[in-house]
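Inspection log for the structure reproduced underneath, given as structure tokens.
The values are calculated or read from the model by the stated rules, or taken from the named source; none is laboratory data. Here the structure is a predicted model, which is why all the values come from computation and not from measurement. Cβ placement follows ideal geometry from the backbone for every residue including glycine, while neighbour counts extend to all protein chains displayed.
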Amino acid sequence: MLDPYEIEIQKVTNMLINTVFQVKKDEIVVITADSKSNQILIKATAAAIYAADAKPVIIYTAMHGCLGHEADQYLPVPVLTGALSNADVWIEYNSDPLLYTTPFEEAMEKNKKLRYMLLCGLTTDEFLQCFKGLNIEIMGKLMMKFKEMNSKAKRIRITTSGGTDVTFLTDHTHVITLDYGDASIPGFFTPPGDLNIVPEFGSTNGIIVFDGAISMPTSRLLDSEIVKLTIEDSKIVKYEGGAIAKDLKNWIESFNDPLMSMVAHMSYGLGPNYQFSLNIGLNERVWGICNFGFGHVSPLDAPPDGQPAMSHFDAMARDCTVYLDDVKVIKDGSFLDPELLKYEQILRA
């Protein structure tokens, strides 16, 4: 008996290996997973790797239930670090991410050939949302132009009809990352549809009203409840809302780490196929959202030191309006620039 979507998943994993990663003969492709990972994806991806005359390696670890360096105590750090430091490609299907753990940071620092993609906790439906029908060419054109616009801006302001009104300064020593489905060169990749900025540390001020979803570390949807944060000099100084806001405050304070309440990054959601779910990584890509992360920032994104907090969380505001140096470029989640609007219409069609 076939598993649900087994045939469709094999076709899309073939695309992932041959088109997205462009895996070559004899390359070593490591798949990491844990006891909750999607076995259909793991098996189909391993088969696609083998069919490409490359060498699949699957590493299972136990679930650890936390984020970043907090997870190191539960992981076989030397084993993971050694394997990932010698791989050509790393595909992460863990339900509890290895992102920002010591194996991740050491592998990304030491292994200059590594192509890594974070695909954590995906159901088969969510995997198909990421890659089925992906128009890499058009998404690449949109995101490269929008990246250039953001890289030239000195000040970014974000507002929403729900009450968000926040500004921050850019820091051109920090890396602007984007993902549109091309992982053929060394680097850190995530599901297509994300453009990420690390603001100048200490420069974020205003109100952020989250009404999409939040992770802390488990994901929660914000359908009937909002979380309102007041930010001064990039630090959360006030929490407002209901039970989720109280849980967030208690969770952050439990670390006794001042950096956990500091803004870490902001990213734009530019994925045309995604719907809000309990997968925080895909929620960050829902078209028109702005995602704010707090806590840890890797030195890879903000050299030389990053922001070494104990953990990290993300939350999303829907249908954002964006100003780059006081020029409105997005209104209620849709582009105003004619060329970008053309690309948006093709992708969202």
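Of all residues in the range 239-260, none satisfies being in contact (Cβ under 8 Å) with a residue 40 or more places away in the chain and under 18 Å from T177 (Cβ atoms). For the range 21-36, the tally of residues that are surrounded by fewer than 24 Cβ atoms within 10 Å (Cβ to Cβ) and either closer than 21 Å to N279 by Cα or not basic (K, R) (or both) stands at 9.
In the range 311-349, the residue that is farthest from L134 (Cα to Cα) out of those that are in contact with a strand residue (DSSP E or B) (Cβ under 7 Å, 6 or more places away or on another chain) and surrounded by fewer than 16 Cβ atoms within 10 Å (Cβ to Cβ) is D325.
What number of residues in the range 209-219 are assigned to a strand (DSSP E or B) and modelled with pLDDT of 95 or more? Going through the range 209-219 one residue at a time, the tally reaches 4.
Of the candidates I231, I197, I214, I236, the single residue that is closer than 20 Å to T160 by Cα, buried (at least 18 other Cβ atoms within 10 Å of the Cβ) and free of Cβ contacts under 8 Å to residues at least 60 places away in the same chain is I236. Among residues of the range 33-56 that are outside the structural domain of N18 (by TED's automatic domain parsing), none has a Cβ under 9 angstrom from a residue that is surrounded by 16 or more Cβ atoms within 10 Å (Cβ to Cβ) and in a loop (DSSP other than H, G, I, E, B) at a sequence gap of 6+ or on a separate chain.
Are any of the residues in the range 63-73 part of a helix (DSSP H, G or I), within 25 Å of G193 (Cβ to Cβ) and in contact (Cβ under 8 Å) with a residue 24 or more places away in the chain? Yes, the range 63-73 contains a residue that is part of a helix (DSSP H, G or I), within 25 Å of G193 (Cβ to Cβ) and in contact (Cβ under 8 Å) with a residue 24 or more places away in the chain.
Only residues that are more than 21 Å from the chain's Cα centre (by Cα) and more than 21 Å from I158 (Cα to Cα) were counted across the range 305-343, and they come to 3.
Report whether or not N273 is assigned to a loop (DSSP other than H, G, I, E, B), surrounded by 18 or more Cβ atoms within 10 Å (Cβ to Cβ), polar (S, T, N, Q) and out of contact with any Cys (no Cβ under 6 Å at 6 or more places or on another chain). In short, yes. Checked against (1) in a helix (DSSP H, G or I); (2) at pLDDT below 95; (3) charged (D, E, K, R), K43 passes all but a single condition, namely (2).
Is one or more of the residues making up the range 254-268 of a type in the set (D, E) and touching a helix residue (DSSP H, G or I) at 6+ places or on another chain (Cβ under 9 Å)? Checked the range 254-268: no residue is of a type in the set (D, E) and touching a helix residue (DSSP H, G or I) at 6+ places or on another chain (Cβ under 9 Å). At least 1 residues being farther than 27 Å from S37 by Cβ, of a type outside the set (G, A, S) and not assigned by TED's automatic domain parsing to the domain that holds T19 is the threshold, and among the strands (runs of 3 or more DSSP E) wholly inside the range 77-165 those reaching it are 155-159. Would you mind stating whether T13 is within 21 Å of the chain's Cα centre (by Cα) and farther than 21 Å from M310 by Cβ? Against the criterion (within 21 Å of the chain's Cα centre (by Cα) and farther than 21 Å from M310 by Cβ), T13 qualifies.
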